[in-house]
Amino acid sequence: MTTKTARRRAVLDIDRDHALHLLHEMLRIRRFEEKCAELYTALKIRGFVHLYDGEEACAVGVMQALEPGDAVVATYRDHGQALARGVPMNRIMAEMYGKQEGCSRGRGGSMHLFDAKTRFYGGNAIVACGLPLAVGLALADKRLGRRQVTCCFHGDGAVAEGAFHETMNLAVLWQVPALFVCENNLYAMGTALRYSHAETNLAKKAAVYGLPAEVVDGMDVLAVEAAAQKAVAAIRAGKGPYFLELRTYRFRAHSMFDAELYRSKEEVEEWKKRDPITTFARYLQEHEVIGPADVEELEHRVAAEVDEAVAFAEAGTWEPVEDLTRFVYSEGVRA
Ligand SMILES: Cc1ncc(C[n+]2csc(CCOP(=O)(O)OP(=O)(O)O)c2C)c(N)n1
Ligand SMILES: [Mg+2]
């Protein structure tokens, strides 16, 4: 390492392996979802699919602060969180296909990824429904004397729901060990935040309930990680819940079909200049933490993982029809 490089890295204060890990995780999400979009068009994947392109720094940054025993609750835009949490890509892809090798036995699909091993509690299709669930999980951990944290991702749209306000109130009242991560991508389907919220600073809304609430640049993985580390340290130290508003943007439509009449192409292009993956890769290269060959190598690894996930899903099996009533509770009906 040259003195100049060493000095630059010192200024940056970032470990090369960790930087590569962050970049790798964000690339896994991006490339996985690009493949999903392709497979959706090919009718291999059906149902609702909400892509996370542009928001990768949120899931990846936050997940760095969590430990294996912590719980994660996500929304229907959940591929990024599941991947970053460590749910195997091939099981997620099989779930997208509806195959029984999927992480939810093929019964949940894109919006309902679930994995007990990593305490990944969904994938929830109803806006804001993960919030009360998270309070319950965190309360259980607290009452059982476990030091785990529950991390709940939700959108800006959820802040308009009563469940959000009830959740903030109870979380503070009961001092539960929960981290609430609001992914503010400025839109709830086709409704811009500024058209539906009188107060568009969402952290302010959380703060009135009495928990620490911060606004973070959600396009900057290092900023997100730093904020999450600080928040989780406070929660684990027994200081109660914490709220982070991550300012981010989704590059694609709300779901696979959306004419995007509610925003201009120029606006999308403007935000794409802040792409969390390309800006981070460029930043690391400018500071000589990594080189172009590193990015290339990561791309190869990710491409191989995606190919393998598709092959796994293709080779997967459909649940037999006679199993349809399994896991379905109905009083008086024998399965
Ligand atoms: C209770 C409820 N109301 C309405 C819907 C329909 N719906 C699905 S996604 C969505 C927008 C939510 O936006 P946001 O929370 O900002 O998340 P984003 O899609 O931007 O990630 C709405 C209204 C729903 N799923 N649940
Ligand atoms: Mg939104």
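The values are calculated or read from the model by the stated rules, or taken from the named source; none is laboratory data. Computed from a predicted model, the values in this text were never measured in an experiment. As a convention, Cβ positions derive from the backbone with ideal geometry for all residues, glycine included, and neighbour counts pool all protein chains shown. All accessible areas refer to the heavy atoms of the entire protein, side chains included, with ligands and DNA or RNA removed. Shrake-Rupley method; radii C 1.70, N 1.55, O 1.52, S 1.80 Å.
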Worksheet item: Given labels modelled 7 Å from the Cα in the Cβ direction, how far is it in nm from ARG107 to GLU67?
Response: 3.2
Worksheet item: What FRET efficiency would be calculated for the residue pair THR191, HIS21, taking the C-beta separation as r and a Förster radius of 45 Å, to the nearest 0.05?
Response: 0.80
Discussion item. If I take R0 = 35 Å and measure r between the Cβ atoms of GLU199 and VAL328 in this structure, what FRET efficiency does the formula 1/(1 + (r/R0)^6) give, to the nearest 0.05?
Written reply: 0.20
Worksheet item: Taking amide hydrogens as modeled 1.01 Å from N in the peptide plane, which residues meet the under 5 Å criterion relative to ALA188, leaving out close sequence neighbours?
Response: LEU193
Worksheet item: Roughly how many Å is it from the Cα centre of segment 194-211 to that of segment 262-281, as a whole number?
Response: 25
Item to complete: Figure the gain on full extension for ALA233 and GLU38 (residue separation times 0.36 nm, minus the Cα-Cα span) and round it to one decimal in nm.
Response: 66.2 nm
Worksheet item: What ranking do 233-240, 170-177, 37-44 get when scored by the average of other Cβ atoms within 10 Å per residue, highest first?
Response: 170-177, 233-240, 37-44
Worksheet item: Using helices alone, what [θ] at 222 nm do you get for the chain, with -39,500 (n - 2.57) per DSSP H run of 4 or more residues, divided over all residues and rounded to the nearest 500?
Response: -14000 deg cm²/dmol
Worksheet entry | Rounded accessible area per residue of the chain, 1.4 Å, Å² | 46
Worksheet item: Counting Lys and Arg as +1 and Asp and Glu as -1, each charge on the Cβ, what is the dipole of the chain about the Cα centre in debye, to the nearest 20?
Response: 860
Worksheet entry | Distance in nm between pseudo-label sites at THR279 and ARG143 (7 Å out along the Cβ direction from Cα) | 4.3
Practice prompt. Go through LYS230/LYS272; LYS117/LYS142; LYS44/LYS265; LYS204/LYS230; LYS142/LYS204 and tell me which ones have a Cα-Cα distance over 22 Å in this structure.
Written response: LYS230/LYS272; LYS44/LYS265; LYS142/LYS204
Discussion item. For LYS205, give me every one of the lysines with a C-alpha distance below 20 angstrom, ignoring sequence neighbours fewer than eight places off in its own chain.
Written reply: LYS239
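How long is the gain from HIS300 to ALA207 if the chain were fully straight, where each residue apart is worth 0.36 nm and the alpha carbon distance is subtracted? Mind dumping the intermediate values first?
Numbers: separation 93, 0.36 × 93 = 33.48 nm, distance 4.37 nm.
Computed gain between HIS300 and ALA207 is 29.1 nm.
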Worksheet item: Rounded to a whole number, what % of the accessible area of the chain do carbon and sulfur atoms account for, probe 1.4 Å?
Response: 55
Worksheet, complete the sentence: Per the rule of 0.36 nm per residue minus the C-alpha distance, extending ALA311 to ALA223 adds in nm 28.1 nm
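Below 12 angstrom from the Cβ of ALA42, what's the summed charge of the other residues (Lys, Arg +1; Asp, Glu -1)?
Net local charge, ALA42 excluded: +1.
Can you give the net charge of the other residues whose Cβ lies under 15 Å from the Cβ of VAL215, counting K and R as +1 and D and E as -1?
Values: positive: LYS204, LYS205, LYS230, ARG247; negative: ASP156, GLU183, GLU199, GLU214, ASP217, ASP220, GLU245.
For residues surrounding VAL215, the net value is -3.
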Practice prompt. Could you pull out every one of the aspartates and glutamates with an alpha carbon less than 14 Å from that of LYS99, ignoring same-chain neighbours closer than 8 positions?
Written response: GLU314, GLU319, ASP323
Worksheet item: Between ARG263 and PHE251, how many nm apart are label points set 7 Å from Cα along the C-beta direction?
Response: 1.3
Item to complete: Starting with the highest mean, order 116-125, 318-327, 49-58 by the number of other Cβ atoms within 10 Å, averaged over the residues of each peptide.
Response: 49-58, 116-125, 318-327
